[in-house]
Amino acid sequence: ELSGFGFLSVQPGGSKLRPCRRYAFLHKSFQEFFASYYLCCQLASQQITPKSLVSDEGYFSKLKQVLLFSCGILAVQSQKTAVDLIANITTQVNKFGRRTLPVALECIAESKREESDVHVRLAQVFGSGLQLQQAFLQYENLGNDHIASFAEAMKVNSTLTQLHLANSIGDTGAASLADAMKVNSTLTDLEMGNNRIGHTGAAFLAEALKVNSTLTHLNLRYNYIVDTGAASLAEAMKVNSTLTDLDLEANRIRHTGAASLAEAMKVNSTLTHLNLRYNYIVDTGAASLAEAMKVNSTLTQLNLRCNSIGDTGAASLAEAIKVNSTLTQLYLCNNKIGDTGAASLAEAMKVNSTLTQLNLRCNSIGDTGAASLAEAIKVNSTLTQL
């Protein structure tokens, strides 16, 4: 009769002398679900424990779907057992780290029900028990629900200091993480490069930066925050007092976004590294940043590689270098600087006493520009790499 439910197919089997029926699941998912239901019945009758269940590493690999179904069933049948199961899964995550972390988040997401907040409770159990200092969630095909679960975990976690996320996260995921950053007090390094965060997501993160007091490194390279997102982050930098490293490489930022960041640099007193390479800030944006460098007293590294900066922009930066006393590394490679721009930078190097690295490779500097730089080297006493 079971074949009538559509889960099983019935096929004749055995020898002609001893014919018998053979049953097979029509789809692997049916097999995985009934295996999960069987495990949940065993947990309910205490024939097995959550600890003994997750001690089998197979449930984090080839039997992962069975574990996911089990969490979903338990969220309905017995939240107490679901909590116990997540607590024991967390123990396995602490033991094995990277390869088990995504499975834990999938289990919590599988428990989500519209009429209940059990998934939030499970995320908090996970967060309070998590002992990792570094978490890597890179290219795991996780969705917004998984990121939201991790964000809930971060709100109560007290050990995580570094989080690496490269997982096609968009604005919704950024919003969840931003909420967590507002209350989390341990995270210092947030790597969110190679995602799909736009200016809206950047705005959420900026609001979090205004109140967060522990984050020191924020990596948003290769996203889509554009000028509007850069402006939001700039406003946050005006009041944030802990961020030291901001990476905005390849975010389609133009001169307007550079101007917003420059205004923030004039008042910010903690940022030491700013990466703007592979954007399009051109001469106008370089001039804005140069004006900020004249008064900024903390920035030590500025990366402006591949920004279509020409001789005019180089001249603006040169004027800033003449009076700036903190910048040690300036990257201007892969731009459009020619002999005139090189001459301007050379004049600045004659009086600058802090710059140690100047990168001008892949520009349009010829013999005349090289001669100008050579004259500067004769009197400069701090540059170590050219």
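In debye to the nearest 20, how big a dipole does segment 55-125 give about its Cα centre with +1 on each Lys and Arg Cβ and -1 on each Asp and Glu Cβ?
My answer is approximately 240 debye.
Roll a 1.4 Å probe over the protein heavy atoms and report the accessible area of CYS306 in Å², nearest 10.
Rounded to the nearest 10, that gives 30 Å².
Rounded to the nearest 0.05, what FRET efficiency do VAL211 and GLN134 give with R0 = 22 Å and r taken as the Cβ-Cβ distance? Could you check?
Once the sixth-power term is evaluated, E becomes 0.35.
So with the 1.4 Å probe, I'd like the accessible area per residue for the chain, rounded to whole Å².
Each residue of the chain exposes 46 Å² on average to a 1.4 Å probe.
At a 1.4 Å probe radius, carbon and sulfur cover how many percent of the accessible area of segment 277-386?
C and S fraction of accessible area: 48 percent.
Within a Cβ distance under 13 Å of ASN307, other residues only, what is the Lys/Arg minus Asp/Glu net charge?
Neighbour charge sum, excluding ASN307 itself: +3.
Quick check on segment 52-160: take the gyration tensor over C-alpha atoms, sort the square-rooted eigenvalues as a ≥ b ≥ c, and tell me if it's rounded (a/c under 1.5), prolate or oblate.
Because its axes are fairly even, with a/c under 1.5, segment 52-160 counts as rounded.
What figure, in Å² to the nearest 10, do you get for the accessible area of LYS51 with a 1.4 Å probe and non-protein molecules left out?
Roughly 140 Å² of LYS51 is accessible to a 1.4 Å probe.
By how many nm would the segment from VAL183 to ALA35 grow when fully extended, if each residue of separation counts as 0.36 nm and the alpha-carbon distance is taken off?
That works out to 49.3 nm of additional length.
Could you tell me which residue out of ALA258, PHE126, ILE89 lies farthest along the dipole of the chain toward its positive end? Charges go on the beta carbon: Lys and Arg +1, Asp and Glu -1, centred on the Cα centre.
ILE89
Given a Förster distance of 45 Å, report the FRET efficiency between SER269 and GLN79 from their Cβ-Cβ distance, rounded to the nearest 0.05.
It comes out at approximately 0.40.
Students sometimes get this wrong: rank GLU115, GLU263 by accessible area, probe 1.4 Å, all chains present, largest first.
GLU115, GLU263
Express in nm, to one decimal, how much length is gained between ASN141 and THR161 on full extension, taking 0.36 nm for each residue of separation and deducting their alpha carbon distance.
The ASN141-THR161 span can extend by a further 4.9 nm.
What is the spin-label model distance, in nm, from PHE5 to VAL351 if the labels are put 7 Å beyond Cα along the C-beta direction?
Result: 8.6 nm between the two label points.
Roughly how many Å² of ARG113 are accessible to a 1.4 Å probe, to the nearest 10?
Counting only protein heavy atoms, ARG113 exposes about 60 Å² to solvent.
Roughly how tilted is helix 282-293, in degrees to the nearest 10 and between 0 and 90, from the longest Cα axis of the chain?
Helix 282-293 and the main axis of the chain meet at about 80 degrees.
Within the accessible area of segment 84-150, what % is carbon and sulfur when the probe is 1.4 Å and the other protein chains stay in place?
Here it works out to 40 percent.
Which sequence of ARG277, ARG21 reflects their accessible areas, 1.4 Å probe, from the largest down?
ARG21, ARG277
Taking square-rooted eigenvalues a ≥ b ≥ c of the alpha carbon gyration tensor, is the chain rounded, prolate or oblate, where a/c under 1.5 means rounded and, failing that, a/b exceeding b/c means prolate?
Taking the square roots of the gyration eigenvalues as a ≥ b ≥ c, the chain is prolate.
The values are calculated or read from the model by the stated rules, or taken from the named source; none is laboratory data. Computed from a prediction, not measured in an experiment: that's the story for all the values here. Neighbour counts are summed over all protein chains in view; Cβ atoms, including those assigned to glycine, are modelled from backbone coordinates with ideal geometry. Ligands, DNA and RNA are stripped out before the accessible areas are found, and what is left, the full protein with its side chains, is counted by its heavy atoms. Shrake-Rupley method; radii C 1.70, N 1.55, O 1.52, S 1.80 Å.
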